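Undergrad: One structure, pasted below without further comment.
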Amino acid sequence: FQILNITLLLLVVIVIGIILGFSERELNNQVCKEINIEIDHSNGNYFIEEADIDLMVYHEMDTVVGKLLRDIDSESLEYKLRNHPAINSTEVYKTLDGSLNISIQQRTPIVRIINNGGEGFYIDSSGYLMPTSSNYTSRVMVVTGAFNDSFYRLSKWNTKNIPDSLVNEVLVDN
């Protein structure tokens, strides 16, 4: 009885391996028919739109639709998208029907800072700095005051690593 179970399990593993091998070969020979972009707006933010993602994709590659899926480097595309300051996370994957799917999760700003020079930027829920956007203005608390650092200078770090940052400052006096 135990030999029968082991044989059956081995047979199932072999069949699954064969099916995955055929599907991988089919995926590699498939031509990209469309790009599906899904941007999560559940946090109420619209910093980035589908047109922005399209521009980033086509800036990375001359053409996508009509190209073999194996020739589309989804990892480098995912890396490039993830480096956009409004994007918290992204997933890029290909499907057997010839689709390139891009799923975007936006950052969630919690405060907007306006420094002495009038330059504004956001701090998101993870403590990362985001520039303001011409597409959208988030409805968050605005903090102003004697703050001289520019976004450019601070953008190299997140707020947890900035010495003498606003994280350690009292933002509201009682």
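The values are calculated or read from the model by the stated rules, or taken from the named source; none is laboratory data. Small disclaimer: the values here were computed from a predicted structure and weren't measured. A quick note on method: Cβ atoms are made from the backbone with ideal geometry, for glycine too, and the neighbour counts reach across all protein chains shown. To get the accessible areas, we keep the full protein, side chains included, count just its heavy atoms, and leave off ligands, DNA and RNA. Shrake-Rupley method; radii C 1.70, N 1.55, O 1.52, S 1.80 Å.
Undergrad: Given (1) open to solvent by 70 Å² or more (accessible area, probe 1.4 Å); (2) of a type outside the set (A, V, I, L, M, F, W, C); (3) not in a strand (DSSP E or B), identify the lone condition not met by GLU38.
TA: (3)
Undergrad: While we're looking at this one, here's another question. What is the residue count in segment 77-105 for residues that are over 22 Å from MET130 (Cβ atoms) and modelled with pLDDT of 90 or more?
TA: Number satisfying all stated conditions: 4.
Undergrad: Taking the conditions exactly as written (under 30 Å from GLY145 (Cβ atoms) and either open to solvent by less than 90 Å² (accessible area, probe 1.4 Å) or within 24 Å of the chain's Cα centre (by Cα) (or both)), does ILE114 satisfy them or not?
TA: Answer is yes for this residue.
Undergrad: Which condition does PHE1 not pass, out of (1) of a type in the set (Phe, Trp, Tyr); (2) farther than 30 Å from LEU129 by Cα; (3) open to solvent by less than 90 Å² (accessible area, probe 1.4 Å), if it passes all the others?
TA: Tallying (1) of a type in the set (Phe, Trp, Tyr); (2) farther than 30 Å from LEU129 by Cα; (3) open to solvent by less than 90 Å² (accessible area, probe 1.4 Å), PHE1 fails exactly one: (3).
Undergrad: Might you let me know whether segment 42-65 holds any residue that is closer than 29 Å to THR108 by Cβ, modelled with pLDDT of 90 or more, of a type in the set (A, V, I, L, M, F, W, C) and not in a helix (DSSP H, G or I)?
TA: Yes: one or more hits.
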